[in-house]
Amino acid sequence: MKTKITFLTLLCLLIFSDGFSQYFHFSQFYASPTILAPSFAGNVQNSRFVANYRDQWPSIPGSFVTFAASYDLHFPKVNSGFGALVIRDQAGSGNLGRTDVGILYSWYTPIARREKIYFRPGVQLKMSQRKLDFEKLVFNDMIQSGALTSIEPPPDIRDLSLDATASVLIYAPQFWGGISVDHLLRPNESLSGSDTRVPI
């Protein structure tokens, strides 16, 4: 059994060697399990509330500030877990902000009862809003002349999109491992009206 698990782990590392990332990161990622994968929703016997805060590079203007809060609970009668997740991320002096609100669902079933090995797929649906405060941006002509920029500000820079995440988790009392795939709906992340899709 251990040989099969080792082989599957090495195979996954070889297949998924490249990764793409667009978002914040927490240094203590294990303390925010539902951000890692929706399969972690309801994976504890009781309900769970988690709050995370990160302020990266606070000594420079326009630091990167992220807040996340999640709540999930376990429903043993239907072998399921449900949860909700809110993330607020603000980056740079232009207050490039992102707010995600999502719901999570996971289901689990044993694949080897004697060894207590479980298979747990999960899914998350989330609504995201991006916003940019154009008035706080600094352009080259502002630095050279000291006057206001000649660039015409857009009426309102906001973007609302729907996205989804799927994950699979295999776990036992001694180990756990899994994979998570984000941006299944490939939302348009452009704030200028062009078509800029986020890669899966």
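The values are calculated or read from the model by the stated rules, or taken from the named source; none is laboratory data. Small disclaimer: the values here were computed from a predicted structure and weren't measured. Note: ideal-geometry Cβ built from the backbone for every residue, glycine included; neighbour counts use all protein chains shown.
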Looking at the structure I just gave you, is residue 160 within 21 Å of residue 25 (Cα to Cα), over 14 Å from the mean Cα position of the chain (by Cα), modelled with pLDDT under 90 and of a type in the set (A, V, I, L, M)?
no
Restricting segment 44-74 to residues that are among the polar types (S, T, N, Q) and touching a Ser or Thr at 6+ places or on another chain (Cβ under 7 Å), the one surrounded by the fewest Cβ atoms within 10 Å (Cβ to Cβ) turns out to be 56
Residue, farthest from residue 178 (Cα to Cα), within segment 108-129, restricted to residues that are of a type in the set (Lys, Arg) and assigned to a strand (DSSP E or B):
126
If the Cβ limit is 6 Å and pairs must be 6+ apart or interchain, which residue in segment 155-168 that is within 22 Å of residue 90 (Cβ to Cβ) pairs with which residue that is modelled with pLDDT of 95 or more and among the polar types (S, T, N, Q)?
165/124
Considering only segment 170-200, state which residues are loosely packed, with under 13 Cβ neighbours inside 10 Å and in contact with a His (Cβ under 9 Å, 6 or more places away or on another chain).
197, 199, 200
Segment 75-104 - residue that is buried (at least 18 other Cβ atoms within 10 Å of the Cβ) and of a type outside the set (A, V, I, L, M, F, W, C) and, of those, nearest to residue 120 (Cα to Cα)
81
Do we find a residue being at pLDDT below 85 and under 21 Å from residue 99 (Cα atoms) anywhere in segment 29-36?
yes
Given (1) modelled with pLDDT of 95 or more; (2) closer than 24 Å to residue 27 by Cα, where does residue 92 come up short, assuming only one miss?
(1)
Provide a single number: the residues in segment 36-82 that are of a type in the set (D, E, K, R), part of a helix (DSSP H, G or I) and within 27 Å of residue 92 (Cα to Cα).
0
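Take the residues in segment 46-80 that are of a type outside the set (A, V, I, L, M, F, W, C) and in contact with a helix residue (DSSP H, G or I) (Cβ under 8 Å, 6 or more places away or on another chain), then tell me which one is farthest from residue 138 (Cα to Cα).
Filtering segment 46-80 for residues that are of a type outside the set (A, V, I, L, M, F, W, C) and in contact with a helix residue (DSSP H, G or I) (Cβ under 8 Å, 6 or more places away or on another chain), the one farthest from residue 138 (Cα to Cα) comes out as 72.
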State all residues of segment 167-189 that are outside any loop (DSSP other than H, G, I, E, B), of a type in the set (A, V, I, L, M) and out of contact with any helix residue (DSSP H, G or I) (no Cβ under 9 Å at 6 or more places or on another chain); if no residue qualifies, say none.
181
Of the residues in segment 105-126, those that are touching a strand residue (DSSP E or B) at 6+ places or on another chain (Cβ under 9 Å), surrounded by fewer than 17 Cβ atoms within 10 Å (Cβ to Cβ) and either farther than 14 Å from residue 171 by Cα or without any contact (Cβ under 8 Å) to a residue 12 or more places away in the chain (or both) come to 110, 125
